1. If I filter the range 59-66 for residues that are open to solvent by less than 30 Å² (accessible area, probe 1.4 Å) and either among the polar types (S, T, N, Q) or not in a helix (DSSP H, G or I) (or both), do I get at least one hit?
2. For the range 21-50, enumerate the residues that are open to solvent by 60 Å² or more (accessible area, probe 1.4 Å) and touching a residue at least 24 places away in the same chain (Cβ under 8 Å).
3. For the structure I just gave you, tell me whether M74 is part of a loop (DSSP other than H, G, I, E, B), touching a residue at least 40 places away in the same chain (Cβ under 8 Å) and within 21 Å of K116 (Cα to Cα).
4. Residue by residue through the range 67-87, note down the ones that are open to solvent by less than 70 Å² (accessible area, probe 1.4 Å) and in contact with a helix residue (DSSP H, G or I) (Cβ under 7 Å, 6 or more places away or on another chain).
5. Out of V50, V117, V112, report the one residue that is under 12 Å from the mean Cα position of the chain (by Cα) and assigned to a helix (DSSP H, G or I).
6. Which ones in the range 88-99 are open to solvent by 40 Å² or more (accessible area, probe 1.4 Å) and touching a residue at least 24 places away in the same chain (Cβ under 8 Å)?
7. With (1) among the small types (G, A, S); (2) open to solvent by 40 Å² or more (accessible area, probe 1.4 Å); (3) touching a His at 6+ places or on another chain (Cβ under 9 Å) as the list, and A114 as the residue in question, which single condition is left unmet?
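The values are calculated or read from the model by the stated rules, or taken from the named source; none is laboratory data. Predicted model, so just to flag it, every value in this text is computed and none were measured. Using ideal geometry, Cβ is built from the backbone for each residue, glycine included, and neighbour counts are taken over all protein chains shown. Note: areas computed on protein heavy atoms with side chains; ligands, DNA, RNA excluded. Shrake-Rupley method; radii C 1.70, N 1.55, O 1.52, S 1.80 Å.
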Amino acid sequence: MTDIANAADVERLVKAFYDKLLADPEMRHFFADLDLPHHLPKIEAFWRGVLFGDRSYTGDPMTAHIALNKRHPMQQQHFDRWLLHWNATLEELFSGPKADEAKARAATIAPVMAWKVKNS
């Protein structure tokens, strides 16, 4: 396996990750109203920013998740499951320092997001 090296790798990661989320009966309802062709490029831009410093992402993920939580309440188990799928996808597709960084960054993002959503 190779490491995450470029935008194409991030795109591959995000698409495979969302395939897992959409197949998961505990998670897919969060994405039922989502326009995936519009959403996925935003998520890819977010992760390119996290991993490579790309500045093309625009948006506010906290506000978006707080609004989503009002429609579909999120519990800690959902954030744990999100992280489980993220790490599994990384382990299936990539190996190396950037893949490890993607895991570590997600491990810090999930609890912050969970706390902010819960306390909004």
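1. As a first pass, look at the range 59-66 and keep what is open to solvent by less than 30 Å² (accessible area, probe 1.4 Å): none.
No, the range 59-66 contains no residue that is open to solvent by less than 30 Å² (accessible area, probe 1.4 Å) and either among the polar types (S, T, N, Q) or not in a helix (DSSP H, G or I) (or both).
2. Correct list: E26, H29, D33.
3. Yes: the conditions hold for M74.
4. Selection gives L68, N69, H72, M74, F79, W82, L83, H85, W86, N87.
5. On the way: V117 fails: under 12 Å from the mean Cα position of the chain (by Cα); V112 fails: under 12 Å from the mean Cα position of the chain (by Cα).
Just a single option satisfies the conditions, and that option is V50.
6. Filtering the range 88-99 down to residues open to solvent by 40 Å² or more (accessible area, probe 1.4 Å) leaves 91-92, 95, 97-98.
E92, S95, P97, K98 - these are the residues of the range 88-99 that are open to solvent by 40 Å² or more (accessible area, probe 1.4 Å) and touching a residue at least 24 places away in the same chain (Cβ under 8 Å).
7. A114 satisfies all of (1) among the small types (G, A, S); (2) open to solvent by 40 Å² or more (accessible area, probe 1.4 Å); (3) touching a His at 6+ places or on another chain (Cβ under 9 Å) except (2).
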